[in-house]
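Below is one structure, written out as structure tokens; comments come after it.
The values are calculated or read from the model by the stated rules, or taken from the named source; none is laboratory data. All values derive from a computational prediction rather than experimental measurement. Here Cβ is always computed from backbone atoms with ideal geometry, including for glycine, and neighbour counts include all displayed protein chains. Protein only, heavy atoms only, side chains kept; ligands, DNA and RNA dropped before computing areas. Shrake-Rupley method; radii C 1.70, N 1.55, O 1.52, S 1.80 Å.
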Amino acid sequence: MTGIVILPAGRDDAFEDYKQFIRDGHPIEDIESYLNDDDLELFRTTSDNDLVHVWGTSVDGTWRNVERNDIALVYHDGAFAARGQVLQLRHDPDLAEYLWRENVEHGRWNDESPWEYMTFLTDVEEVDVDIEEFNELVGYDETYRPQGFTRVADKRLNQLSGEESVETAIADLTDAGERVHPVDDEDDGPTPDLADQLRAASTDRNAHEEFEKLVAKAFSQLGCAADWIEGGGDTDVEIRSPEHVVVEVKARGNGRVNSLEVTNVDKHRRQRGADHAIVVAPGFAPKVIDNAETTDLTTIAVDDLIELLDRREEYAVPPEEILALLTRSGAFQDAVLNSGVG
């Protein structure tokens, strides 16, 4: 389950740190020598402006409970000033000292309690939400004010009344970020109805949102735990199990995708920490398929997705077997179906 992390910037000097290191960001090239190759590639790939957005704390116990994709809320003066999503966690005393001892003027760095436990964020947006509204949402006392780096207890998030997901609850509260809708297919109709709907929506540019929902439903019927992602700037469907995969959905009136920003798809995959990415569309130009083969990306045409649904219904193919085929880079085609399923 996605968690909520509160980053306290209550003091004026702490709020200046927020503006410098989270809101505005810090140049990646300035800290390149402190980063390992994996983190450097992650930050470069996911950044739109070659900046990292980072916060540090000395509270290691709480920090160790934070997870990738948790929602981060920045608190200041009775309200939340920003929200973001946890991109990476890093324990790095040397980098922390460089950032908050050598790059700030307030002189609050304390060698006895250094801010060495670092949280890197993505999708940072400014918001303005009274603390009382948040307290009511998660069940805190109305007088509660964050005093330090905090992760809201999961048991409080499990009790969010009437909300589909933590992401949706926070998006409704802040009017920012994405809404996540888990797909439950237990009572859905037969696959042939879904097939007709998928084909129709895939070539209707005015039905893109409906197409996303249908693709999420299709993966759910294939036995995957899937969410439809509404809003936000990245992926459209997220498969949580049996593997972590992001799915981007492309409707095209002419029946095929002629160009695809593969780097953007890879960026979205990395932002969510997924192992693979899939693009679903009515069809694909050969050059798009060629590009997909060079990355952890699979293209699947709607007709092939429908064929998979038929195979699942006829042969009860396990979702693990289906995703094993769908996470091969390049185009998912009939030849793969015939050799791998049924």
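In terms of distances greater than 24 angstrom between alpha carbons, the cross-link table entries Lys155/Lys213; Lys267/Lys287; Lys213/Lys287; Lys213/Lys250; Lys217/Lys287 yield Lys155/Lys213; Lys213/Lys287; Lys217/Lys287.
The local environment of Asn49, defined by Cβ-Cβ distances under 15 Å, has a net charge of -4 under the rule Lys, Arg +1 and Asp, Glu -1. With both residues required to sit in the range 215-311, DSSP beta bridges show an antiparallel share near 40%.
For a label point 7 Å from the Cα of Arg64 along Cα→C-beta, name the residues of the range 85-118 whose backbone N is under 19 Å from it. In the range 85-118, the label zone of Arg64 (backbone N under 19 Å from the point 7 Å along Cα→Cβ) covers 88-94, 113-118. The charge dipole of the chain, taken about the Cα centre with unit charges on the Cβ atoms of Lys, Arg (+1) and Asp, Glu (-1), comes to about 580 debye, rounded to the nearest 20. Which percent of the accessible heavy-atom area of the range 191-336 goes to carbon and sulfur, probe 1.4 angstrom? Roughly 40 percent of what the probe reaches on the range 191-336 is carbon or sulfur. Couplings 3J(HN,Hα) for the range 136-142, derived from phi with the Karplus relation 6.51 cos²θ - 1.76 cosθ + 1.60 (θ = phi - 60°), are 5, 4, 9, x, 6, 4, 4 Hz, where x marks Gly and Pro.
Distance between the 7 Å Cα→Cβ label points at Gln333 and Asp303: 1.3 nm. Annotation for the range 18-54 versus the range 142-158: alpha-carbon center distance of 28 Å.
Each of Thr263, Phe284, Ser241 was placed along the dipole of the range 226-300 (beta-carbon charges, centred on the mean Cα), and the one lying farthest toward the positive end is Phe284.
What angle, in degrees between 0 and 90 and rounded to the nearest 10, separates the Cα long axis of helix 93-102 from the longest principal axis of the Cα atoms of the chain? Between the helix axis and the principal axis of the chain, the angle is about 60 degrees.
Maximal additional length on extending the Asp24-Arg156 stretch stands at 44.4 nm, based on 0.36 nm per residue less the C-alpha distance. About the centre of its Cα atoms, the range 4-177 shows a dipole size close to 500 debye [charges on the beta carbon of Lys, Arg (+1) and Asp, Glu (-1) only; nearest 20 debye]. Between Glu41 and Ala207, the modelled labels are 4.0 nm apart [label points 7 Å from Cα along Cα→Cβ]. Classify the range 191-336: rounded, prolate or oblate, from the alpha-carbon gyration tensor (a ≥ b ≥ c, eigenvalue square roots; a/c under 1.5 rounded; otherwise prolate if a/b is larger than b/c)? Here the range 191-336 falls in the rounded category. For the chain, the longest principal axis of the C-alpha atoms and the axis of helix 208-221 are separated by about 80°. Rolling a 1.4 Å probe over the protein heavy atoms of the range 4-177, with every protein chain left in place, gives an accessible area that is 35 percent carbon and sulfur. Based on the Cβ-Cβ distance of Asn264 and Asn49, what FRET efficiency does E = 1/(1 + (r/R0)^6) give at R0 = 22 Å, to the nearest 0.05? So the FRET efficiency works out to roughly 0.90. First select every other residue whose beta carbon is under 9 angstrom from the beta carbon of Thr2; then total the charges, Lys and Arg +1, Asp and Glu -1. Residues close to Thr2 contribute a combined charge of -3.
Surface analysis of the chain yields an accessible area of 45 Å² per residue, using protein heavy atoms and a 1.4 Å probe.
Magnitude of the charge dipole for the range 191-336, about its Cα centre and with charges confined to Cβ atoms of Lys, Arg (+1) and Asp, Glu (-1), is about 380 debye. Against the chain, whose longest principal axis is taken from its Cα atoms, helix 302-315 shows a tilt of about 80°. What does DSSP give for the chain in terms of the percent of beta bridges that are antiparallel, rounded to the nearest 5? So the antiparallel bridges in the chain amount to around 65 percent.
A dipole drawn for the chain from +1 and -1 charges on Cβ atoms has a positive end, and of Val52, Pro319, Gln88 the residue lying farthest that way is Pro319. The range 252-331 and the range 58-94 have Cα centres spaced 33 Å apart.
Peptide packing: for 49-61, 217-229, the average count of neighbouring Cβ atoms within 10 Å per residue gives the ranking 217-229, 49-61, highest mean first. Prolate is the label for the range 148-274, because a/c, from the alpha-carbon gyration tensor with a ≥ b ≥ c as root eigenvalues, is 1.5 or above and a/b exceeds b/c.
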